[in-house]
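Nothing in this text is a laboratory measurement; each read-out follows from the coordinates by a stated rule. What you are looking at is a predicted structure, and each value in this text was computed from that prediction instead of being measured. Here Cβ is always computed from backbone atoms with ideal geometry, including for glycine, and neighbour counts include all displayed protein chains.
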Amino acid sequence: MATSALEEIRIEDIPVDDVDFSDLEKKFEVESPVNFDNFVVVDGAPVAPESKVPVLTKVLTKLFSQAGSVVDINLPLDEEKKSTKGYLFVEFDSPASARKAIKLLNGKKLDVKHRLFVNSLTDVEKFGTEDFDTEFHEPKFPEFQKTDYLQSWLQDEQGRDQFVLQKGELTGVFWNRNTQQPENAVEPRTNWSNTTVKFSPKGTYLFSFHNQGVASWGGRNFERLRRFFHPQAKALAISPTEKYLVTLSPEPIVVPEDAPEDFPFGPESNGHQLCVWDIATGLSVKTFALPPNQRLHWPMIKWSFDDKYCARLGPNALAVYDAENNFELLGGKIMKIEGIQDFSFAPAGAKLAVNRNGELSSVLAFWTPESNNQSCKATVMEIPTRRVLRTVNLVQVSDVTLHWQNQAEYLCVKVDRHTKSKKTFFSNLEICKLTEKDVPVEKVEMKDLAVRFGWEPKGSRFVTISTTETADDNPAIPKNVVTFFAPEQKEKIKTAVKAEPKKWKAFASVPGKFSNTISWSPAGRFVVVATLVTPDTRKADFDFYDFDFTGEKNDNDSDDVAANLKAVAHPEFYSATDMQWDPSGRFVAVWSSAVKHKLENGYKVFNVAGECVREEMIEAFKNFVWRPRPESLLTNGERKKVRKNLREWSAQFEELDAMQADSAMRELILSRRSMLEGWTQYREDRAALMDEEYNYQVFDQVEQSTADEDYEVVEEIKEEILEEKEEEVASFEEPATSE
Amino acid sequence: MRPILLKGHERSLTQVKFNREGDLIFTCAKDNVASVWYSINGERLGTFEGHQGTIWSIDVDYNTQYAVTGSADFSIKLWKVEDGTNVFTWKTKTPVRRVEFSPSGDRILAVLDGVMGYAGSVTVYELKRDAQTQEVVDVVEQPLFDILTREGFEIAAVAAWSFAGNYIVAGHKDGKVSKYDGRNGDFIDAAELHTQSISDIQFSPDGTYFITSSRDSAARLVDMETLEVLKTYETDCPLNSACITPLKQFVILGGGQDAKDVTTTSSREGKFEARFYHKIFQDEIGRVKGHFGPLNYVAVSPQGTSYASGGEDGFVRLHHFDKSYFDFKYDVEKSAEAQKHMQELESAAA
């Protein structure tokens, strides 16, 4: 019974708030011992005679007060020389002040002769021991670790592409073999990454997420190359030239007191959450604290096309860093831009009209909303000169998005506007033509609100998805309109070199869609406008369009544009949640990820004509990632040559495809190939023999004489009499009378 | 591929030939009259009349000046193509099975049947031509030489001239092939290629290799120099004729159920089809139906753009090939051509 009585007393029930413990607290309070962390040792101070000590003390006290309040300052005296010894001790009120003093004043020059060295007292202990080596040692470079050739996959004899498939805990890299079972590039691994994996923009590295940070993988067998220690890293981004990696973790970095030598962060990184790494060396090059009270917008650091500059959005400011100069702020300070909402770098070097010798400029664009004394503006700026190339003034704006064409020839500023009553919304497209003089802007007015926008890669055409406003809010009624735009092209312009300014025109539209995604083939020409499964849409659909349809009947509404649109296919995959084009632009992978959708998980691969070349339904299928490729190294001339001989090339590739189809076919083709070779050999042998033995030239085809005398032109005239009629007609005229 | 039907013969066709330009077709049949037709539209240009029996064989010379026919009436007749006049007639001891001009046109070989105590022979006659106009100025009535059937051989069924008239190749009833010097008829070599009678021998355009067809249902591509079999084409019915197509790497085989069995088999089962085989890969590529009796002879125009078949049914079916025929290529051939093209480009660039 006693135990049960005890159990009935619950600690939570005992009231404690009204008990006064202050007397106890006072009684047991412990005087903190002298904290050596509050002291700093200063060396390099002037040696002053005893008489000057008060003055010197005053000067130094004033100097060290910059770091915090100075409790005591002590200049030891040399008894014999009656002068200071050139060093002193300073006591601060807190370790923080002491640390600040070290940071602030270490290496401070008092005058030409005197330079202060500030160290913490504990350092003296550390450096003063016998064990401490006073000799200078060259820092040891870690031995060079040879890696596999990182671009080996580009040397595939058949030029195949790779992709990653993730299913459950398994992650594998595969060779794309068109209609056939993909071939393992490496054995699938379990728990390769905690979540997804990501390729660098040119496909050299594969990144995986782990509790301890991020790891990079590469080479023929996808060996681990580097580890980037950033606990709980949740997001990563790679700069365009694969030089830098940016990671973000919700946990602020904590630098331990006795950090091991290989700890990637210095004490200045304490509390930072954003980290920039050098991918090749695996070293942290810069860390950032998150700007306070801001919506997180990934990527938080954006890069110029050549990785020379990167920039971060701050409150009312844009911070541009010079990556080649140790990530110092460009011009030493941040750019104050009142109300800046969003910015983006051009994805490629801009060929500005003012540039000479094909020089490429880094360009960024940003926009600011309407404020008390200025209108809403979009600005295009060259970096690092900060030269404003163009400002677009906008009115009655509700939102702005920036869309770069992938070669930075055009920037589309999509302006979502409202009427004065703010009841109806519509979009304007302000297209900046960066390659032309003074960056002219062409305006395209739309009647409805564009929600998606997609430039044709390497082209000047684009597709929008807009929403029509209806009174009915029924989500089952499709309200989206897909509209196709292309530059106007009048018949004459084809011959005239100096065309009039480019004007865009909506030349076709498809209403009544749920579409929410525009996905262009990276090679241009083909686009897929899709509805992917999201929380709002339940059924996916796909529309494949060809912008350069070669047939007669196109879907254009007007023909004076540089496009010939045709809806080519509408393949089905109702549960699709994601899609991605392969780097060559010939195939598009569509998949249903178990992370987003519970039913019918798996993937399908379509070709540009919308035919399904491969499909696999896989339980717990998670992810499909194509491995990107770097830009082709072929010059335009070489490319033209390839195009010219396309028939010859494709004949060879078709044979390869046929051979891969199955082994029997392979045998057959090989045997045929040897038969053909044998026959050619036989004919060559015979030709040589006949020439030698009989002086006779062999041939396969009777030469037709083209000499005129061997021909005779025979003209044959066929006359067919359809009807013969004889009629007597009374003369209309009087017989002519002779005069 | 719509055929043009050449209707004019009253009995079974025995041979069909194109002239060198491919614009005229020469045909002969069991009805004593040989015909000449325009290949472009199938219109009949004229006839050669004068034989008293079945004409077994016809040939036309290089310049389409003269035609020669061999008949079962124990004669060979030389005709002027331009007006159809009979220039000369050779009397023979036995029926004539095959006649052919030598490539230069100054000799004619004739295969003489082995009946009535005659051993059978390949006999060569000579013509004298004007060097300028190629007109025949004199005809030697006596044969230049006879190649009598050798011991151990059955009689020759067919014979043909090789390149430049250097050799004569004869196909025998026992399936053997023998080779002779074209200048004097000396025996050179022989090979046993078939198990049954050889029904046709036709040369490649340049006369360096030839195709044999046989009643044993096979056709073989044979090298002239060595009599070595290069390729074999197996079918399921007796073959009467085979030819090698220029332009494309094909051969055309014709045949069908024996003429004597025709009445007891339907045209579908009779396999009265022209069969196209790939010359190098030996695969069957396609068949052309149409005749309702066996095909007695198939011939392809020297340009390779059309072919004609003469049937037991008394019709000649003339086919001009479609685009698909010219486009057809194996992937292997395409890629080989492509590689060759690329090499040429590269060497041109270098």
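Dividing the C-alpha radius of gyration of the stretch A:182-275 by 2.2 N^0.38 Å, with N its residue count, gives 1.18. Only lysine pairs 8 or more places apart, or on different chains, with alpha-carbon atoms under 17 angstrom apart are counted in the stretch A:35-128, and they number 12.
Taking amide hydrogens as placed 1.01 Å from N in the peptide plane, the amide H of A:D578 sits under 5 Å from those of A:W591, A:S593, each at least 5 positions away in sequence or on another chain. Cross-link partners for B:K340 among the lysines, with Cα-Cα distance under 30 Å and sequence neighbours closer than 8 places in the same chain left out: A:K640, A:K641, A:K644, B:K231, B:K248, B:K279, B:K323, B:K329.
Extension gain for the segment A:N178 to A:E370, taken as residue separation times 0.36 nm less the Cα-Cα distance, is 63.9 nm to one decimal. Between A:N221 and A:D278, the simple label model (points 7 Å from Cα in the Cβ direction) yields a spacing of 2.8 nm.
Pairs A:K308/A:K336; A:K433/A:K553; A:K202/A:K308: which exceed 27 Å Cα-Cα?
Values: A:K308/A:K336 21 Å; A:K433/A:K553 32 Å; A:K202/A:K308 17 Å.
Correct reply: A:K433/A:K553.
For A:R643 and A:N357, the FRET efficiency from 1/(1 + (r/R0)^6), where r spans their Cβ atoms and R0 equals 30 Å, is about 0.60. Ranked by how many other Cβ atoms sit within 10 Å of their own Cβ, fewest first, the residues A:M665, B:M116 fall in the order B:M116, A:M665. For the stretch A:609-626, backbone phi angles converted through the Karplus equation (6.51, -1.76, 1.60; θ = phi - 60°) give residue-by-residue couplings of 8, x, 7, 7, 8, 7, 9, 8, 9, 10, 5, 6, 5, 10, 7, 9, 10, 6 Hz, Gly and Pro being listed as x.
Each of A:S558 and A:L670 was given a label point 7 Å from its Cα along the Cα-to-Cβ line. The distance between the two points is 6.1 nm. Sorting the Cα pairs of the stretch A:625-736 by distance into bins of 10 Å, from 0 upward, gives 9, 13, 16, 19, 13, 10, 7, 6, 7, 2 percent per bin. Across the stretch A:168-178, computed HN-Hα scalar couplings (Karplus, 6.51 cos²θ - 1.76 cosθ + 1.60, θ = phi - 60°) run x, 8, 8, 10, x, 10, 10, 8, 6, 10, 6 Hz from first to last residue, x flagging Gly and Pro. Label zone (A:F653, point 7 Å along Cα-to-C-beta; backbone nitrogen cut-off 13 Å) within the stretch A:577-591: A:583-587. FRET efficiency for the pair A:N695 and B:D130, taken as 1/(1 + (r/R0)^6) with r the Cβ-Cβ distance and R0 = 45 Å, rounds to 0.95. Averaged over peptide A:645-654, the number of partner chain Cβ atoms lying within 10 Å of each residue's Cβ comes to 5.
Taking 0.36 nm per residue of sequence separation and subtracting the Cα-Cα distance, how much length would be gained by fully extending the chain between A:K82 and A:K62, in nm to one decimal?
Extra length available between A:K82 and A:K62 comes to 4.8 nm.
Amide H to amide H, with H built 1.01 Å from N, B:Y167 comes under 5 Å of B:S162, B:G182, counting only residues 5 or more places away or on other chains.
Looking at the protein assembly as shown alone, DSSP beta bridges between its own residues are antiparallel in about 100 percent of cases. Please work out the C-alpha center-to-center distance from the stretch B:1-47 to the stretch A:134-198 and express it in whole Å. Taking the Cα centre of the stretch A:134-198 as reference, the centre of the stretch B:1-47 is 72 Å away. Partners of A:K333 within straight-line reach, counting aspartates and glutamates whose Cα lies under 14 Å from its Cα and excluding those fewer than 8 residues away in the same chain: A:D322. Full extension of the chain segment joining A:R189 with A:I717 gains 181.9 nm, where the gain is 0.36 nm per residue of separation less the Cα-Cα distance.
Amide H contacts for A:T517 (H built 1.01 Å from N in the peptide plane; partners 5 or more residues away or on another chain; cut-off under 5 Å): A:A530, A:L532.
Label-to-label distance for A:Q212 and A:R386 is 4.3 nm, based on points extended 7 Å past Cα in the beta-carbon direction.
Neighbour counts of other C-beta atoms within 10 Å: give me A:E488, B:E100 arranged from fewest to most.
A:E488, B:E100
Per residue, the convex hull around the alpha carbon atoms of the stretch B:3-349 comes to 150 Å³. The stretch A:604-668 and the stretch A:439-480 have Cα centres separated by 33 Å. The phi torsions of the stretch B:34-50, fed into the Karplus equation with coefficients 6.51, -1.76 and 1.60 and a -60° offset, translate into couplings of 9, 10, 10, 10, 6, 7, 5, 10, x, 6, 7, 7, x, 9, 10, 10, x Hz, rounded to whole numbers, with Gly and Pro shown as x. For the residues of A:166-173, the average number of beta carbons from a partner chain within 10 Å of their own beta carbon is 0. Among the aspartates and glutamates, which fall within straight-line cross-link reach of A:K140, defined as a Cα-Cα distance under 16 Å, with same-chain neighbours fewer than 8 residues apart omitted? Answer for A:K140, where 16 Å is the Cα cut-off: A:E261, A:D262, listed by chain and number.
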